[in-house]
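Comments concern the structure below.
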Amino acid sequence: MDGQDEGPAGLIERGALLRIWQSSQADAAPHLVPKSSDRAAWESIDQEARALILSAADAERGEAWLVPRLSQWSDFARTGDRGGYEAVEFAHKRRIRLAVLAAAIDPSPARVIEAADGLWTLCEQSTWCWPAHDDSFSRGLLTTDVDRPFLDLGAGECAALAGWAALILGDALDTEVPGLIPRLGAEVERRILSPLMQRRDWWWENREINNWLAWIVGNVIPAAVAFSAGERRARLLERCVDGIDRYLSHLPADGGIDEGFAYWWQGAGRAFDGLVLLDTLSGGLIRPEAVDGALAGLRELARFPERMLLGEDWVASYSDAEARIGADTPWFSLFRAAHLCGLEETAAFAAGRRREGRILGLEADTVGGIGRMVGESFDARWRTTPPGGAPYPRLAEWGSIAVGVRRERDGESTGLTVIAKAGHNGESHNHNDLGSVSVAVDGVPLLADLGRGVYTATTFSEQRYSLWHLSSEWHSLPHPFGLEQLPGPEWEAPMRPLDDGWSIDLSAAYPWPEGAEREWTREIRLRGGEVIIRDQGAAVGAAGTRIAVVCAGVPQRVGDGILVPGRHASRSLLLVHDPAEVVIETRTTGDPYLQDSWGVEVSRILFTPHPGVDSWELRGKVPRRAYSVHLGEI
């Protein structure tokens with residue numbers, strides 16, 4: 001074990017999952033999904049899923065197969081653009097998975113050959129890696145190095161696609177296109193299985209543990225089952241089990257995810273996907289341990305999404321996670337995870353997010369791969385479980401990541417909800433956001449944590465914090481002496497719970513000027529129908545000090561306060577404050593992700609407290625009277 005495996009106890013004890021797996025008599029001929037020849041099984045799947053898959057597959061059947069071009073690959077190095085390649089890549093993989101499932105649902109020779117065509121184009125691609133992750137650019141290349149395949153998220157997705165396709169259509173493909181399955185297996189071996197077993201220096205399992213580890217090794221499971229056997233299969237699966245074990249043991253015991261809500265589905269959710277497969281392969285040994293055994297810590301992890309919910313379409317956002325819930329959020333993965341952990345209320349909550357006419361994987365993205373589509377199609381509970389509502393607990397706190405959510409009313413989204421963020425600036429997908437606060441009214445965030453924009457080469461480079469929405473400038477936090485926060489784990493802000501909020505010590509969050517008194521405390525409270533933010537410290541009234549508040553849309557001055565207009569049917573938020581000079585700066589979001597959550601414009605309100613003061617207070621509440629103001633386009 002390396003140093004990554006040492007440290008305080010986390011969600012599960014390191015090695016707990018591995019020991020359970022090693023104690024099992026894993027099926028020598030594992031059965032993860034019915035073969036397409038099992039007509040009773042495939043004719044029993046959900047009829048709506050069947051119709052949706054066939055319709056989507058038929059819309060493209062017979063068209064030319066499109067794969068990414070070299071110029072799109074090298075654009076990442078030339079211009080920083082990754083979207084051009086990924087758009088074609090994701091659409092290509094969507095068509096393959098739909099063709100495979102359509103051929104299983106309706107196994108005509110024509111459908112099987114359509115799937116075979118797609119799988120052949122998969123084999124013929126020079127790389128399965130996404131350009132943003134490949135290491136060939138660092139070696140001066142503008143092409144991928146086919147002799148040195150890089151195992152990243154994209155390669156893992158392709159491994160899973162190939163594995164599920166072989167498990168489902170293997171016999172049919174051997175009949176219609178003899179030789180394709182061995183070719184597919186050889187490509188998986190060369191690009192995925194051998195590199196995984198031969199190398200232990202992957203950054204995602206050594207230098208940094210994040211969603212990559214669970215996502216990649218979870219995707220290798222179906223590939224290992226499909227394309228290996230005997231001792232080789234056993235060693236591959238144990239490698240995958242160890243990876244999920246390592247990922248889970250590094251998560252905190254309270255189930256907090258420092259990457260935010262949107263990344264729960266691609267980290268924790270991927271780990272749960274893998275655990276479901278391992279439960280099947282182990283003969284059902286995982287679930288009892290997840291309910292009340294050595295893996296019971298998983299229950300806290302499964303509750304994370306419901307606790308983050310602000311309203312029907314909104315969640316508490318921080319790091320690179322969006323505030324608005326995407327239409328393609330894979331709620332079935334949470335449903336299945338909740339059942340694994342024996343959380344019936346959480347499963348009902350997830351079932352309450354079902355939408356008629358939708359199934360995972362119909363979109364050209366990465367959240368609904370073929371494995372999740374298979375699970376949703378075959379799980380009769382998903383369509384029959386009575387839907388439950390969101391719990392909306394009055395208080396949800398994750399001390400491990402210094403995030404807190406407090407609601408005005410227990411069990412309701414109406415009224416005020418305040419979110420506080422502290423911790424340190426070296427988190428995965430970090431923003432420089434220590435001491436930041438955001439506020440929702442009636443379940444809709446008005447004081448904003450902006451979250452991510454479109455990813456480019458800059459996003460994960462040394463210039464990351466040149467992006468305006470990632471810097472401390474565009475977070476609702478103090479700027480003593482006009483200082484900005486810097487990235488790195490050395491910049492930290494402990495958060496202490498209070499009866500009605502939190503106290504955040506910001507004394508180690510800034511590069512203070514020499515000789516300055518390094519003290520700043522921020523209290524964030526929710527009481528009596530008001531959010532109260534109080535900053536205290538010698539620098540509050542110092543020259544250059546500003547206190548920023550970021551909001552959606554364009555706020556308006558009204559009397560002695562500032563009105564942040566409501567949106568999406570929420571009421572407005574009225575801000576009143578201690579004496580200060582006030583400047584309002586507005587800019588266009590100019591980014592599809594930011595615009596989806598916040599609209600066309602966002603603003604920051606800069607308060608300059610009067611000179612010499614050592615404390616300053618801002619209060620926010622829903623106004624009792626209606627204001628007649630020009631709200632602009634929000």
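The values are calculated or read from the model by the stated rules, or taken from the named source; none is laboratory data. Please read these numbers as outputs of a predicted model, since none were measured by experiment. Cβ: placed from backbone, ideal geometry, glycine included. Neighbour counts: every protein chain shown.
Considering segment 388-429, the qualifying strands (runs of 3 or more DSSP E), each wholly inside and each with 1 or more residues that are within 18 Å of A253 (Cα to Cα) and of a type in the set (A, V, I, L, M), run over 395-398, 403-407. Applying the condition of being free of Cβ contacts under 8 Å to residues at least 24 places away in the same chain and basic (K, R) to segment 139-186 and asking which residue is surrounded by the most Cβ atoms within 10 Å (Cβ to Cβ) yields R148. Restricted to segment 568-589, and to residues there that are surrounded by 13 or more Cβ atoms within 10 Å (Cβ to Cβ) and among the small types (G, A, S), the residue that is nearest to the chain's Cα centre (by Cα) is S570.
If you take the residues in segment 384-397 that are of a type outside the set (A, V, I, L, M, F, W, C) and either buried (at least 18 other Cβ atoms within 10 Å of the Cβ) or under 30 Å from L526 (Cα atoms) (or both), which one is nearest to the chain's Cα centre (by Cα)? Lay out the reasoning, then the answer.
So the first thing to find is which residues in segment 384-397 are of a type outside the set (A, V, I, L, M, F, W, C), and the list is 384-389, 391-394, 397.
Add one more test, that the residue is either buried (at least 18 other Cβ atoms within 10 Å of the Cβ) or under 30 Å from L526 (Cα atoms) (or both), and what stays is 385, 388-389, 391-394, 397.
Working: T385: 25, G388: 23, G389: 22, P391: 21, Y392: 20, P393: 22, R394: 24, E397: 19 Å.
The extreme case among them is E397.
Checking each residue in segment 220-250 for being buried (at least 24 other Cβ atoms within 10 Å of the Cβ) and in a loop (DSSP other than H, G, I, E, B) picks out no residue at all.
I'd like to check something: does segment 304-316 contain any residue that is crowded, with 23+ Cβ neighbours inside 10 Å, of a type in the set (A, V, I, L, M, F, W, C) and assigned to a helix (DSSP H, G or I)? Within segment 304-316, one or more residues are crowded, with 23+ Cβ neighbours inside 10 Å, of a type in the set (A, V, I, L, M, F, W, C) and assigned to a helix (DSSP H, G or I).
Residues to consider are A296, A338, A323; find the one that is over 26 Å from I12 (Cα atoms) and either in contact with a helix residue (DSSP H, G or I) (Cβ under 7 Å, 6 or more places away or on another chain) or free of Cβ contacts under 8 Å to residues at least 12 places away in the same chain (or both).
Values: A296 fails: over 26 Å from I12 (Cα atoms); A338 fails: over 26 Å from I12 (Cα atoms).
When all the criteria are applied, what remains is A323.
Based on this model, can you work out whether G553 counts as at positive phi and either out of contact with any Lys or Arg (no Cβ under 7 Å at 6 or more places or on another chain) or modelled with pLDDT of 95 or more (or both)?
The answer is yes for G553.
Is there a residue in segment 216-230 that is closer than 26 Å to A290 by Cα and touching a strand residue (DSSP E or B) at 6+ places or on another chain (Cβ under 6 Å)? The answer is no; no qualifying residue exists. Any chance segment 460-473 includes a residue that's farther than 30 Å from A132 by Cβ, touching a residue at least 40 places away in the same chain (Cβ under 8 Å) and crowded, with 19+ Cβ neighbours inside 10 Å? So far as segment 460-473 goes, no, none of its residues is farther than 30 Å from A132 by Cβ, touching a residue at least 40 places away in the same chain (Cβ under 8 Å) and crowded, with 19+ Cβ neighbours inside 10 Å. Scanning segment 287-303 for residues that are of a type in the set (A, V, I, L, M) and either in contact with a Lys or Arg (Cβ under 8 Å, 6 or more places away or on another chain) or in a helix (DSSP H, G or I) (or both) turns up A290, V291, A294, L298, L301, A302. For segment 317-341, a tally of residues being touching a Ser or Thr at 6+ places or on another chain (Cβ under 6 Å), in a loop (DSSP other than H, G, I, E, B) and of a type in the set (A, V, I, L, M) returns 1. In segment 326-345, how many residues are closer than 18 Å to L362 by Cβ and within 16 Å of the chain's Cα centre (by Cα)? So the count comes out to 8. Every residue in segment 366-383 that is out of contact with any Phe, Trp or Tyr (no Cβ under 7 Å at 6 or more places or on another chain) and surrounded by fewer than 23 Cβ atoms within 10 Å (Cβ to Cβ), please. Scanning segment 366-383 gives F378, D379, A380, R381, R383. In segment 251-267, of all residues being out of contact with any Asp or Glu (no Cβ under 8 Å at 6 or more places or on another chain) and closer than 16 Å to L360 by Cα, the one that is surrounded by the fewest Cβ atoms within 10 Å (Cβ to Cβ) corresponds to Q266.
Of the residues in segment 251-286, how many are within 17 Å of the chain's Cα centre (by Cα) and assigned to a helix (DSSP H, G or I)?
Going through segment 251-286, the residues within 17 Å of the chain's Cα centre (by Cα) turn out to be 251-252, 255-274.
From what is left, the residues that are assigned to a helix (DSSP H, G or I) are 261-264, 268-274.
Looking only at that region, the number is 11.
Going residue by residue through segment 55-62, is there one that turns out to be more than 28 Å from E356 (Cβ to Cβ) and assigned by TED's automatic domain parsing to the domain that holds A99?
Quick first cut of segment 55-62, residues more than 28 Å from E356 (Cβ to Cβ) only: 62.
With the extra rule that they be assigned by TED's automatic domain parsing to the domain that holds A99, the set shrinks to 62.
Yes, segment 55-62 contains a residue that is more than 28 Å from E356 (Cβ to Cβ) and assigned by TED's automatic domain parsing to the domain that holds A99.
Applying the criterion of being charged (D, E, K, R) and assigned to a loop (DSSP other than H, G, I, E, B) to the residues of segment 496-528, the residue that is farthest from W398 (Cα to Cα) is E514. For S194, the test of being at pLDDT below 95 and assigned to a helix (DSSP H, G or I) is failed. Restricting the search to segment 376-418, which residues are out of contact with any Asp or Glu (no Cβ under 7 Å at 6 or more places or on another chain), in contact (Cβ under 8 Å) with a residue 24 or more places away in the chain and at positive phi? Of everything in segment 376-418, just one residue is out of contact with any Asp or Glu (no Cβ under 7 Å at 6 or more places or on another chain), in contact (Cβ under 8 Å) with a residue 24 or more places away in the chain and at positive phi, namely A402.
Name every residue in segment 268-281 that is in contact with a helix residue (DSSP H, G or I) (Cβ under 6 Å, 6 or more places away or on another chain) and surrounded by fewer than 24 Cβ atoms within 10 Å (Cβ to Cβ), in order of residue number. Residues satisfying the conditions are V276, L277, L278, D279.
Checking every residue in segment 488-501 against the condition of being surrounded by 17 or more Cβ atoms within 10 Å (Cβ to Cβ) and farther than 28 Å from E408 by Cβ gives at least one match.
Yes/no per residue for (1) in contact with a helix residue (DSSP H, G or I) (Cβ under 9 Å, 6 or more places away or on another chain); (2) among the polar types (S, T, N, Q); (3) modelled with pLDDT under 95:
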{"site": "L416", "(1), (2), (3)": "no, no, no"}
{"site": "S428", "(1), (2), (3)": "yes, yes, yes"}
{"site": "D433", "(1), (2), (3)": "yes, no, no"}
{"site": "G443", "(1), (2), (3)": "no, no, no"}
{"site": "G451", "(1), (2), (3)": "yes, no, no"}
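Test R190 against the stated conditions and say whether it is in contact (Cβ under 8 Å) with a residue 40 or more places away in the chain and surrounded by fewer than 18 Cβ atoms within 10 Å (Cβ to Cβ). For R190, the condition - in contact (Cβ under 8 Å) with a residue 40 or more places away in the chain and surrounded by fewer than 18 Cβ atoms within 10 Å (Cβ to Cβ) - is met.
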